[in-house]
Amino acid sequence: MSVQANLLIFDCDGVLVDSEPLACRAVYSLLKTHGFKEDEQSFYKKIFGLGDEAVFKMATQDYGLPLEKESFFKTLDEHMSSLFLKYLKPIPGIEDCLRNLPWNTCVASNSPKNRLVANLDRTGLSSFLKPENIYSAEQVSRPKPAPDLYRYVADQKNVSPNQCLVIEDSLPGTRAALDAGMAVIGFCCGSHIPDDHAKNLLDLGASDIAFTSHELKHKIKNWNAEHHQKQAS
């Protein structure tokens with residue numbers, strides 16, 4: 001007998017808010033001031049879905065840039081905040097998707113908690129989410145792609161991982177959810193999504209793909225019935 005999902009967990013960046021291109025722009029412009037010369041688009045693909053710590057590690061260890069950690073994070077946060085304040089928007093149609101969801105809903109993101117809350121406030125999405133249901137990788141030892149954050153959310157909500165459905169746009173986030181024992185719907189609606197990304201998410205193990213918020217709303221609403229039917233066939 002298939003297990004019914006009853007906890008819905010959204011990633012934030014690229015799923016609720018269209019922040020990935022802005023965040024990548026902030027990182028790239030900051031690294032350029034330290035002599036970084038890699039092609040912008042190829043670098044974006046490498047950092048898509050990674051948290052600040054992972055980006056710092058890549059910049060210093062893989063590219064050998066002489067960055068001071070505290071200064072880097074402070075300046076990066078300032079760059080991102082400036083761009084988000086001017087340009088950040090919710091993912092098209094996501095407000096309607098968040099209305100009247102069938103289960104308890106959480107957010108689990110690699111972003112720092114203060115940035116996460118600010119971006120949800122800026123885009124008007126915080127009204128759909130209880131503050132206690134917003135989780136950051138700062139609360140666990142390892143960010144995505146490690147499964148720690150998703151396991152932590154399930155534990156906090158006293159729900160088994162196999163009763164959770166995760167909405168993710170990135171490969172690292174999808175890997176984290178799958179390794180936590182959760183089902184994933186890959187969401188390919190953000191302006192940052194490359195052409196072959198849906199196939200990559202499915203190849204990694206996502207159960208389904210949604211290309212619009214309207215489609216995502218339908219898939220969430222019908223998840224338990226359709227999942228049960230697939231399991232029985």
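The values are calculated or read from the model by the stated rules, or taken from the named source; none is laboratory data. No experiment lies behind these values; they were computed from the predicted model shown. Here Cβ is always computed from backbone atoms with ideal geometry, including for glycine, and neighbour counts include all displayed protein chains.
Of the residues making up the range 40-74, those that are closer than 17 Å to LYS144 by Cβ and polar (S, T, N, Q) number 0. Looking across GLY181, GLY173, GLY190, one residue alone is surrounded by fewer than 20 Cβ atoms within 10 Å (Cβ to Cβ), touching a residue at least 12 places away in the same chain (Cβ under 8 Å) and not in a strand (DSSP E or B). It is GLY181. Looking only at the range 72-95, residues that are of a type in the set (S, T, N, Q) and surrounded by 15 or more Cβ atoms within 10 Å (Cβ to Cβ) come to 2 in all. In the range 104-123, the residue that is modelled with the highest pLDDT out of those that are surrounded by fewer than 22 Cβ atoms within 10 Å (Cβ to Cβ) and assigned to a strand (DSSP E or B) is THR105.
Take LEU50 and decide whether it is under 20 Å from the mean Cα position of the chain (by Cα), within 21 Å of ASN222 (Cβ to Cβ) and buried (at least 17 other Cβ atoms within 10 Å of the Cβ). For LEU50, the condition - under 20 Å from the mean Cα position of the chain (by Cα), within 21 Å of ASN222 (Cβ to Cβ) and buried (at least 17 other Cβ atoms within 10 Å of the Cβ) - is not met.
Reported count of residues in the range 103-149, each being touching an Asp or Glu at 6+ places or on another chain (Cβ under 8 Å) and among the hydroxyl-bearing types (Ser, Thr, Tyr), is 3.
This table checks each residue for (1) assigned to a helix (DSSP H, G or I); (2) among the charged types (D, E, K, R).
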| residue | (1), (2) |
| --- | --- |
| GLU38 | no, yes |
| GLU53 | yes, yes |
| THR60 | yes, no |
| GLY64 | no, no |
| PHE84 | yes, no |
| GLU95 | yes, yes |
| ASN100 | no, no |
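Going through the range 129-156 one residue at a time, which ones are among the basic types (Lys, Arg) and surrounded by fewer than 17 Cβ atoms within 10 Å (Cβ to Cβ)? Across the range 129-156, the qualifying residues are LYS130, ARG142.
Exactly one residue out of ASP62, ASP39, ASP11 is over 30 Å from LYS157 (Cβ atoms), at pLDDT 90 or above and not aromatic (Phe, Trp, Tyr): that is ASP62. Considering the range 124-169, the residues that are assigned to a loop (DSSP other than H, G, I, E, B) and over 16 Å from the mean Cα position of the chain (by Cα) include one that is farthest from TRP103 (Cα to Cα), namely SER141.
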